[in-house]
Amino acid sequence: MAHNHAHHGHHHGPASYDKRFATGIALNVVFVVVEVVYGFAADSMALLADAGHNLSDVLSLVLAWGAVYLARKQPSRKLTYGMGRSTIYASFINACLLLVAIGAITLEAVQRLLHPVPVSAGVVVWVAAVGTIINTATALLFMSGRKGDLNIRGAFLHMAADAGVSLGVVAAALVIAATDAVWLDPVISLAIVAVIAIGTWGLFRESVDLAMDAVPRGIDLKAVERYLLEIPGITAYHDLHVWPLSTTSTALTVHLVHPAGEIPDDSDFLHQIGDELHERFGIDHATIQLETDDSSCTLHNVCVFSEDDE
C-alpha cells in the first residue's frame, strides 16, 4: 500500500489585485458619498438605492480583499490547510448582505411607487452617468481574474451589473425630464433590485455549495472518474472525494485498486497521477492511496457513482 500527497502551486490571484482592490474601493467610496448627497438633494430613490448597493459593493470588495490576504498566509500547526476557506466565507457573507439590501431597497421603492415624489432629473442624469464610468472602470480591474476565483468573479459581476444599472438610471432620468413620469424612479429602483437578485442568487448558491464541500464548479467529476479508470493497471477506485480548500484551490482523496505486483509502489507513479489531476482538472492537493484488491469497496463508499448521482 502506498500514499502520496501531491502539492502544486496555489492560485489565489496575483499580488497586483491588492492595488486593484484598493483602487476599486477608493473609487466607489467617493461615488457613494456623491450619490447620497445628490440623491437627497434631488429626492431620487433610484440614486439612493444605487448608493446603497454601491456601499454594499464597497463592503464586498473589502471582505474579498481581506479573504485573499488571509488565503495567502502559510499553513500552521493549528491551521494545517491555511486560511484559504476564508475566501468561501467572504463570498457567503457578501451574498447574505446583498440579500438584506435587496429587501430594504424593495420596501422603499414600493412605498415611493405608491406615493410618488418629484425628482430632479438633471441631477440624476449626471450623477448616474459618472456612476456608469466608475463602475465600468472598477469592473475592468477584475475582468481578467473572473474565471478562476469566485471572489474576483463576484467583484466583477457586481461592478458590471452596477454599470448597467447606472446606465438604466440615466435613461430613466432622461425620460422623466421629457415626460415628468416620476413613477419611473421607483420602477428603476425595482429593476436595480432584480439585477442585484439575479447576480446575488448565483453567488449565494455557489458559496453555499463550497461551504458544504461540494465539488467545485468547473470540475467534471465524471471526467475525473473516467481518468482514474483509464490509468494503466488501475482496475477500480473507491472513497473518491473532491472538495474546495478555498475559492481557488481544490483537494482530492481517492483509493486506487490494482492487481498485486502490477504497479510499483513508488512515488513517481503517484506524482504522475497528481500532476495529471492538476493539469487536467485544476486539482492541486491530491492524496492517493494504492490497494491491491477492491474488497474495501463494500465497506466504504461506492466504487463508481451512478449516472443519476449529482
Residue separation times 0.36 nm, minus the C-alpha to C-alpha distance between LEU221 and TYR69: what's the value?
51.8 nm
Under the Debye formula (equal points on every Cα, no solvent term), log10 I(q)/I(0) of the stretch 186-264 at q = 0.15 Å⁻¹
-0.68
Spread of Cα-to-Cα distances over 5 Å intervals beginning at zero, given as percent, for the stretch 164-296:
2, 9, 15, 14, 10, 8, 6, 6, 5, 5, 5, 5, 4, 3, 2, 1, 0
For the stretch 174-262, which GluC sites (Glu not before Pro) pass both filters: DSSP loop (anything but H, G, I, E, B) and at most 12 other C-beta atoms within 10 Å?
GLU262
Please report, to two decimal places, log10 I(q)/I(0) for the stretch 16-103 at q = 0.11, 0.13, 0.22 Å⁻¹ as given by the Debye formula with identical point scatterers on the Cα atoms and no solvent.
-0.40, -0.53, -1.02
Just to compare against my own numbers: the Cα pair-distance distribution for the stretch 88-243, 5 Å bins, whole % per bin, please.
2, 9, 13, 15, 15, 12, 9, 8, 6, 4, 3, 2, 2, 1, 1, 0
For ASP18 and LEU114, FRET efficiency with R0 = 45 Å and r from the beta-carbon atoms, rounded to 0.05?
0.45
Net charge of Cβ neighbours under 11 Å - reference LEU48; Lys, Arg +1; Asp, Glu -1
-4
What does the convex hull of the Cα atoms come to per residue for the stretch 190-232, in Å³?
60 Å³
What does the charge count near VAL62 come to, summing +1 for each Lys or Arg and -1 for each Asp or Glu among other residues with Cβ under 14 Å from its Cβ?
-1
Evaluate the distance, in nm, between pseudo-label points positioned 7 Å from the Cα of ALA181 and of TYR81 along their respective Cα→Cβ axes.
5.2 nm
Could you tally the net charge around THR132, taking each other residue with its Cβ under 15 Å from the Cβ of THR132, Lys/Arg +1 and Asp/Glu -1?
-4
Evaluate E = 1/(1 + (r/R0)^6) for ILE231 and LEU174, where r is the Cβ-Cβ distance and R0 equals 51 Å; express this FRET efficiency to the nearest 0.05.
0.20
List the residues, sorted by chain then number, that are 5 or more residues from GLU291 or on another chain and whose placed amide H is less than 5 Å from its amide H.
LEU256, VAL257, HIS258
Report, please, the projected area of the stretch 54-113 averaged over directions, based on the convex hull of its C-alpha atoms, in nm².
4.3 nm²
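Read-outs throughout are calculated quantities, based only on the coordinates presented, and are distinct from any laboratory measurement. Worth saying up front: this structure is predicted, and the values here are computed from it rather than measured. Please note: Cβ atoms are built from the backbone with ideal geometry, for glycine as well, and neighbour counts cover all protein chains shown.
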